[in-house]
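Here's the structure, in structure tokens; my notes come after.
The values are calculated or read from the model by the stated rules, or taken from the named source; none is laboratory data. Predicted model only: the values in this text are computed from it and were never measured. Here the Cβ positions follow ideal geometry from the backbone for every residue, glycine too, while neighbour counts run over all protein chains shown. All accessible areas refer to the heavy atoms of the entire protein, side chains included, with ligands and DNA or RNA removed. Shrake-Rupley method; radii C 1.70, N 1.55, O 1.52, S 1.80 Å.
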Amino acid sequence: MSALNAIWVFEKFFRNLSSNNAFFSFGDKGTSDVVLRLRNSEGRPEWFYSHSSVLVSKSRFFADRLSNPGSGSCIEIHCSDSTYDHHVNLLRLLYLPTDSLLDSLDSVQSALAVLRLAIAFRCEDVTNCCIQYLEAVPWEDKEEEQIVKEVSELGPVAMPILARIQPVDLSATKNVFISAVRFATSIGGSCPPFGDELKTSAQEQVEFMLGGDEDTPLVTADDEVKSVVKSGLSQVCSLFENELSSFLLVPDITAETAETRILQCLSDVEWMCNILPKMDLMKDFVCSWGGMSRKILEIVEDKKLDNAMWVLKVKLIEVTGKVLEAVGYGNVILPAPCRVQLLKTWLPYIRKIKPLLDAKADEDTDFPYKMDEDLCQSIEGAIVSLVLALPSNDQADILTDWMKTEQLKYPDLSEAFEVWCYRTKSAKRRLMEGLDRVGNTTISL
């Protein structure tokens, strides 16, 4: 008989025996025909009585070893101290029926360790079972990191485990982003009783999705996405304006519920102000804010609010500061009349509210609502930059108004005044030089 025929007969013999595998038990010395030799955690060899029919039918590694006529009845397996228990666990799993394997796995760590060995020993049933288990069960954060690392080393066979963290296609990403924006801006109405909590969560996720991911520019450049975001901006601005307009009609303006609603609406507006620059839509916010600024100031400067809603007043200045920065430093391009209107609307209010907040803080050291130094400097710098970019006559009007007020210290426009004076003299000198050149040309003719 040829060697090839001998191998075929040998494998056929063990396949016939595989139908009786259910009658064999792992470690049963009485029926064992193969001994597996492992070194235990203490470095001593340990013997496991096994059955060739089980090993051949469940593992291609053992099938190849036992198909060799000179293999003998003892197989030595080398393992480290850290993998010893997992080797024993794998050998036990080989004796279980296929439909019982899933129930035998009880943790991500053990399943991952067994999977590594099952792939090495080419145990198809155990491998598939471990993959199915790991793909389905929840992972802790540390486990996820380990799984990603292990799967990348195990190769394509284990890749189905990572289905939950695979990148999605651009269309799916766009749909999720649009849904999150709708929820974050209450398009379609809120969802009580957990509307505010879910809306806040959606806002956080939108911010996260606008992070430095390579797909972000593709999503945010989409016309549908921009349309939904602009609708969201219109929605939050409208809600804030409506809440603020109805506030003066409330019998008790100190009522906590009314104040909370307004501040929540303003928080949504501020959130839009923070995310729109990441989508190149800050101009839309600036225009919306400019469009409702007069109405906002008419309400917050009402006498009923002279000594109330300080937190609202500070928040309004914070949002306005971001608008002034965007326009003043050229990130948002507006026509000169719009820039003038923005300054003339908010500059008097900022000049008025700053000393009031400082006075309240002097009276009460625990007064929490104030313009901190960073906010003051950023607003002042933006205003100076904005003034210096205006036509000369508009600069003159704003500087004249500034010097007529009692509040010259903030915002301090002395730098803008100095530059205006220098430019004015330079402009006059250039004009005179031009006239002289014209006159000399006429005489020479």
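Sorted by mean Cβ packing within 10 Å, highest first, what order do the peptides 392-400, 281-289 take? Numbers along the way, then the final one.
On the way: 392-400: 14.9, 281-289: 19.9.
Packing order, densest peptide first, comes out as 281-289, 392-400.
With R₀ set to 45 Å, the beta-carbon distance separating Lys149 from Glu318 gives a calculated FRET efficiency near 0.55. Taking a point 7 Å from the Cα of Asp366 along the Cα-to-Cβ direction, the residues of region 308-337 with backbone N closer than 19 Å to it are 308-311.
Between Leu316, Trp402, Ala202, the Cα set farthest toward the positive side of the dipole of the chain (charges on each charged residue's Cβ, about the Cα centre) is that of Trp402.
Among the listed values (1) 152; (2) 142; (3) 314, the one computed from these coordinates for volume of the Cα convex hull per residue in Å³ is (3).
When only the Cβ of Lys, Arg, Asp and Glu is charged (+1, +1, -1, -1), the dipole of region 316-419 relative to its Cα centre reaches about 480 debye.
Mind scanning Lys278/Lys360; Lys174/Lys315; Lys315/Lys360; Lys199/Lys322; Lys283/Lys344; Lys360/Lys409 and naming the pairs with a C-alpha gap bigger than 26 Å?
Details: Lys278/Lys360 37 Å; Lys174/Lys315 32 Å; Lys315/Lys360 16 Å; Lys199/Lys322 23 Å; Lys283/Lys344 19 Å; Lys360/Lys409 18 Å.
Beyond 26 Å: Lys278/Lys360; Lys174/Lys315.
The slack between Thr200 and Leu388, meaning 0.36 nm per residue of separation minus the straight C-alpha distance, is 63.8 nm. When Lys425, Lys409 are compared by accessible area of protein heavy atoms, the largest-first order is Lys409, Lys425, using a 1.4 Å probe.
Along region 67-80 the Karplus relation, 6.51 cos²θ - 1.76 cosθ + 1.60 evaluated at θ = phi - 60°, assigns HN-Hα couplings of 6, 7, x, x, 6, x, 9, 10, 10, 9, 10, 8, 8, 8 Hz to successive residues, with x for each Gly and Pro. For Ser57, the solvent-accessible surface computed with a 1.4 Å probe is close to 60 Å², ligands and nucleic acids excluded. Measuring how big region 23-163 is from its alpha-carbon positions, Rg and Dmax come out at 15.5, 49 Å. Site pair Ala120 and Glu135 shows an inter-label distance of 2.4 nm when each label is modelled 7 Å from Cα along Cα→Cβ.
Compute the signed sum of charges (Lys and Arg +1, Asp and Glu -1) over the other residues within less than 15 Å, Cβ to Cβ, of Asp364.
So the environment of Asp364 carries a net charge of -2.
Label sites at Glu224 and Ser80, each approximated as a point 7 angstrom past Cα along Cα to Cβ, lie 5.0 nm apart.
Given a Förster distance of 45 Å, report the FRET efficiency between Tyr329 and Lys142 from their Cβ-Cβ distance, rounded to the nearest 0.05.
On the way: r = 44 Å, r/R0 = 0.97.
It comes out at approximately 0.55.
Dipole size of the chain about its Cα centre, with +1 on Lys/Arg Cβ and -1 on Asp/Glu Cβ: approximately 1220 debye, rounded to the nearest 20. The share of accessible area on the chain that comes from carbon and sulfur is 53 percent, using a 1.4 angstrom probe.
One chain, two ends: Asp397 and Thr424. Fully extended at 0.36 nm per residue, the span grows by 8.3 nm beyond their Cα-Cα distance.
Beta bridges from DSSP with both residues in region 23-163: antiparallel share about 60 percent, rounded to the nearest 5.
Solvent exposure of Phe367, expressed as accessible area, is near 20 Å², computed with a probe of 1.4 Å over the protein chains only. Would you mind checking region 292-327 for residues with the amide N under 16 Å from a putative spin-label position 7 Å along Cα→C-beta of Ser245? Flagged as within label range: 292-300. A dipole drawn for region 30-85 from +1 and -1 charges on Cβ atoms has a positive end, and of Phe48, Val34, Ala63 the residue lying farthest that way is Ala63.
Under a 1.4 Å probe, what is the accessible area of region 320-377 per residue, stated in Å²?
On the way: 3020 Å² over 58 residues.
Per-residue accessible area for region 320-377 comes out at 52 Å².
Here the label points at Lys303 and Tyr410, each 7 Å from Cα along the C-beta direction, are separated by 2.7 nm in the simple model.
Fully extending the segment from Cys338 to Gln166, taken as 0.36 nm per residue of separation minus the present Cα-Cα distance, adds 57.2 nm.
Assuming R0 = 22 Å, what is the FRET efficiency of Thr216 and Ile187, from their Cβ-Cβ distance, to the nearest 0.05?
Details: r = 21 Å, r/R0 = 0.96.
That gives a FRET efficiency of 0.55.
Send over a whole-number figure in Å² for the accessible area per residue of region 105-185, probe 1.4 Å.
About 53 Å² of surface per residue is accessible.
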